[in-house]
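The values are calculated or read from the model by the stated rules, or taken from the named source; none is laboratory data. Nothing here was measured: the structure is a model prediction, and the numbers come from that model. Every residue, glycine among them, receives a Cβ derived from its backbone with ideal geometry; neighbour counts consider all protein chains shown.
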Amino acid sequence: MYTTRNILLISLIILFAATINWLIDQQEPADNGLSIGRNDPDLYMLNAKITQFATNGGRQHEIIASRLTHFPLTDMTALISPEVKLFAHNATNPWKITADNGRLLPESQLRDESLELWDNVSAEKADLRGEFIKIKTASLTVYPGQDFAETDQMVTIDGVGGRTSAAGMQAYLNEGRFVFVSDEANKVVTTLLPAKAP
């Protein structure tokens, strides 16, 4: 026979179970919201090398890094010790760009694929005749598909003919054309070296 005490005890157990079930249901959406907002890496590579080919089958650019880490939420790839080679139309004489750190941002509706580099950035190109160009700056944004680079940081460019320093730069690398920027504190300064005797 069920007594009032037994009925009350069973009712409390059922109420307790229902309350626990309700609390679990309320916590699940919060947990799902947290997991959606997280940007944990989904891929990493050590001593990575990525090669992008042009439509004609030749190499367009290569990206080498001691460590590569991809973050899916932002679709951004972080690079440690990146080295970039831009081949353009000359596979034997590419631009070589190095830095301590970088990140690769994919193409989107608002921008082309870009590579942001910072800390000890150096870009150089040399040929067998001894001609060279060397760019040094604190940070540089490279658009590999366009062979274009720019910076709003102090930049120094050395070449056989001399040195140019400026407050910023846009570089059309394939054409060898540079647009320099000055500001109130830093003007564009070019120092020419004497020509070598024939």
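Observations on the model:
- The lone exception for Ser114 - which of (1) at pLDDT below 90; (2) surrounded by 14 or more Cβ atoms within 10 Å (Cβ to Cβ) it fails: (1)
- Every condition in (1) in a strand (DSSP E or B); (2) more than 17 Å from Phe178 (Cα to Cα); (3) among the hydrophobic types (A, V, I, L, M, F, W, C) holds for Leu110 except the one numbered (1).
- Taking segment 136-198 and the strands (runs of 3 or more DSSP E) fully enclosed by it, the elements with 3 or more residues that are within 18 Å of Ala88 (Cβ to Cβ) are at 148-151, 168-172.
- Candidates in segment 10-67 are the residues that are modelled with pLDDT of 80 or more and acidic (Asp, Glu); of these, the one that is surrounded by the most Cβ atoms within 10 Å (Cβ to Cβ) is Glu62.
- Of the candidates Ala166, Ala88, Ala126, the single residue that is in contact with a Phe, Trp or Tyr (Cβ under 6 Å, 6 or more places away or on another chain) and at pLDDT below 85 is Ala126.
- All positions within segment 117-132 that are in a strand (DSSP E or B) and surrounded by fewer than 19 Cβ atoms within 10 Å (Cβ to Cβ): Trp118, Asp119, Asn120, Ser122, Glu124, Ala126, Phe132
- Residue match in segment 70-88 (condition: under 24 Å from Val188 (Cβ atoms), assigned by TED's automatic domain parsing to the domain that holds Val179, touching a Lys or Arg at 6+ places or on another chain (Cβ under 8 Å) and in contact (Cβ under 8 Å) with a residue 40 or more places away in the chain): no
- In the set (1) in contact with a strand residue (DSSP E or B) (Cβ under 9 Å, 6 or more places away or on another chain); (2) closer than 21 Å to Asn174 by Cβ; (3) of a type outside the set (A, V, I, L, M); (4) assigned to a loop (DSSP other than H, G, I, E, B), the condition left unmet by Asn56 is number (1).
- Consider segment 89-107 and keep the residues that are free of Cβ contacts under 8 Å to residues at least 40 places away in the same chain, assigned to a loop (DSSP other than H, G, I, E, B) and not aliphatic (A, V, I, L, M). The one that is surrounded by the fewest Cβ atoms within 10 Å (Cβ to Cβ) is Thr92.
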